[in-house]
Amino acid sequence: MENVMNLLMGFGTVFSPENLGVCLLGSVLGLIVGAMPGIGSLAGCALLLPLTYKFDPTAAIIMLGALYYSNMYGGAFSAILLNVPGDSPAVMTVLDGHPMAEKGQPGQALFTSNLASCIGGLVGMLILTFLGPALAEVGLLFGPAEMTSLMIMSLMSIGWLLGDDPVKGTVSTMVGFLLASIGMDTLSGTPRFEFGNMYLLGGIPFVAFVIGAVGLSQVIDMMATRHDPSQIPHEKLTIKGSLLSAHQLRRMLPPAIRSGFIGTFVGVLPGSGATAASFLCYASQKAFKNEEPLGTGAIEGLSACESGNNAAAAGSFAPLLALGIPGSGTGAVLLGGLMMWGLNPGPLLFTNDPEFAWGLIASLFISNIISLLISLLVIPSLIKILSIPTAYMIPIITVVCLVGSYSTDRSMYNVIITAVFGVMGYFFGKCGLPLAPVLLSFVLAPIFESNMRKAFISSQGSLDIFVTSPISLAFLLVTLLLILSPVIKIALRKAKGGAAKA
């Protein structure tokens, strides 16, 4: 009950004209930044941080928090309509969002994305309100051993994304691991697979890699096939025409709610962030019933990943406010802002500056509603993009991809990476190699390697560290169950067949 009263106090803080105005401004900027490939919430918050120096601390953090949160909404716009993820958490949105748009359901895809984002964010905010400090303490229980076991279990989910050909899926997974290992070793500083090229010492930039493999590869395919987009009926160019049917709502609600809980938990873990949450929620959806195969325009897959990344964005505020531990790069920028404004995040923040802490949490609820309303209102204008002829779409998407990749570091190296992996993504599609395992392993491999090596260093090379921890042991047992589940299913099927014959 005390938390409810504190939250109401926070709403009182937000509803002042100044704070409500900056919340609206942050939400709009977040949608724009999220929809522009290559910028992302990290760059957006970093660019706006110096401008907030003269702001009241509460107003400043409300604007940056709203920008960070609404960025998750905006990233889906270009992912669904152009097959180019606006931000790294929207990578998984491409897999089902764009196929839905190609099937003549762009409005339903955007509506699903927006509604799932709202649901996931709401779940994350409610958990943050009532269990924020406690959840932050749980996050501290996850050391290198626990994170390693969690990543092992997560990497097992790649097997769910392999499709009908496990050999091709395994090859894609290994390609992702190899690409992730290029660059400077984060622990020892030793160069790996740089081939004498100083640019490769920094590794493969994730945003440039994704824009090329997902977005630019589509441009090459469009140039090869030269197919014109199908005309969307006029009645579907309205908000009413984009509404989901009752059946579609029943399909998207369970994944959205479930991924809201998963995403919030992942967002609390140090070093995970919304990108990892989006991947893990999408992969976990493979374990549940889906009316259509994931990756072919399944509303369940789109709902899971969009709900997961918004929930993680909300969950990341728990360790940031309660412990002063950022869970992502954007969280680190926000932490720098808190210190710049003379605030010390930690357990005493809720006691010493309750209006600030609870005002921020309340502003996330307001930002969630503002982002949802704006996103729904612009759907009719956005889906008209798909009616543009291919001859015009090819240069438009090419410019979006190249400018997006360049803007991340303002480097032509990123543009070259985008071009190289655009060609690679095209040939992957022609050879029937799935792209999802490449992306998933590329994201999770560095987290897995870093934590595994830290665990071995702390245990002096002993494997006991992975089984002496109850949390780590539980993850390993679940992993073993995942490995044995196909064998168990086959045995049960044979047993049922024998019983039926008898």
Taking the stretch 118-137 and keeping only residues that are modelled with pLDDT under 85 and either touching an Asp or Glu at 6+ places or on another chain (Cβ under 7 Å) or under 17 Å from Ala276 (Cβ atoms) (or both), one is left with Leu135
Is the stretch 435-444 home to any residue that is outside any helix (DSSP H, G or I) and of a type outside the set (Val, Ile, Thr)?
yes
Do we find a residue being of a type outside the set (Asp, Glu), in contact with a Gly (Cβ under 7 Å, 6 or more places away or on another chain) and in a loop (DSSP other than H, G, I, E, B) anywhere in the stretch 272-286?
yes
For residues that are touching a residue at least 12 places away in the same chain (Cβ under 8 Å) and acidic (Asp, Glu), scanning just the stretch 276-307, find the one that is surrounded by the most Cβ atoms within 10 Å (Cβ to Cβ).
Glu306
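Okay, residues lined up against (1) under 18 Å from Ala180 (Cβ atoms); (2) surrounded by 20 or more Cβ atoms within 10 Å (Cβ to Cβ); (3) among the polar types (S, T, N, Q):
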position	(1), (2), (3)
Leu402	no, yes, no
Tyr406	no, no, no
Val420	yes, no, no
Tyr426	no, yes, no
Pro434	yes, yes, no
Val438	yes, yes, no
Arg453	yes, no, no
Gly461	no, no, no
Ile471	no, no, no
Consider Leu382 carefully, then state whether it is assigned to a helix (DSSP H, G or I), under 23 Å from Ile119 (Cα atoms) and open to solvent by less than 40 Å² (accessible area, probe 1.4 Å).
yes
Is there any pair with a first residue in the stretch 441-469 that is of a type in the set (Val, Ile, Thr) and a second that is open to solvent by 50 Å² or more (accessible area, probe 1.4 Å) whose Cβ atoms are under 6 Å apart and which are 6 or more apart or on different chains, and what are they?
Val467/Leu473
Scanning the stretch 463-490 residue by residue, the ones that are modelled with pLDDT of 85 or more and among the hydroxyl-bearing types (Ser, Thr, Tyr) total 3
Which numbered condition in (1) aromatic (Phe, Trp, Tyr); (2) in a helix (DSSP H, G or I); (3) at pLDDT below 80 is the only one that Phe55 fails?
(2)
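Just checking, which of Ala66, Ala109 is open to solvent by less than 10 Å² (accessible area, probe 1.4 Å), modelled with pLDDT of 75 or more and touching a Ser or Thr at 6+ places or on another chain (Cβ under 6 Å)? Spell out the reasoning first.
On the way: Ala109 fails: touching a Ser or Thr at 6+ places or on another chain (Cβ under 6 Å).
Criteria check complete, one pass: Ala66.
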I need the full set of residues from the stretch 252-275 which are under 24 Å from Phe130 (Cα atoms), open to solvent by less than 50 Å² (accessible area, probe 1.4 Å) and either among the hydroxyl-bearing types (Ser, Thr, Tyr) or touching a helix residue (DSSP H, G or I) at 6+ places or on another chain (Cβ under 6 Å) (or both), in order please.
Pro255, Ala256, Ser259, Gly260, Gly263, Thr264, Val266, Gly267, Val268, Leu269, Ser272, Ala274
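The values are calculated or read from the model by the stated rules, or taken from the named source; none is laboratory data. These numbers come from a predicted model, not from an experiment. Backbone-built Cβ (ideal geometry, glycine too); neighbour counts: all protein chains shown. Heads up: the accessible areas ignore ligands, DNA and RNA and are worked out on the full protein's heavy atoms, side chains in. Shrake-Rupley method; radii C 1.70, N 1.55, O 1.52, S 1.80 Å.
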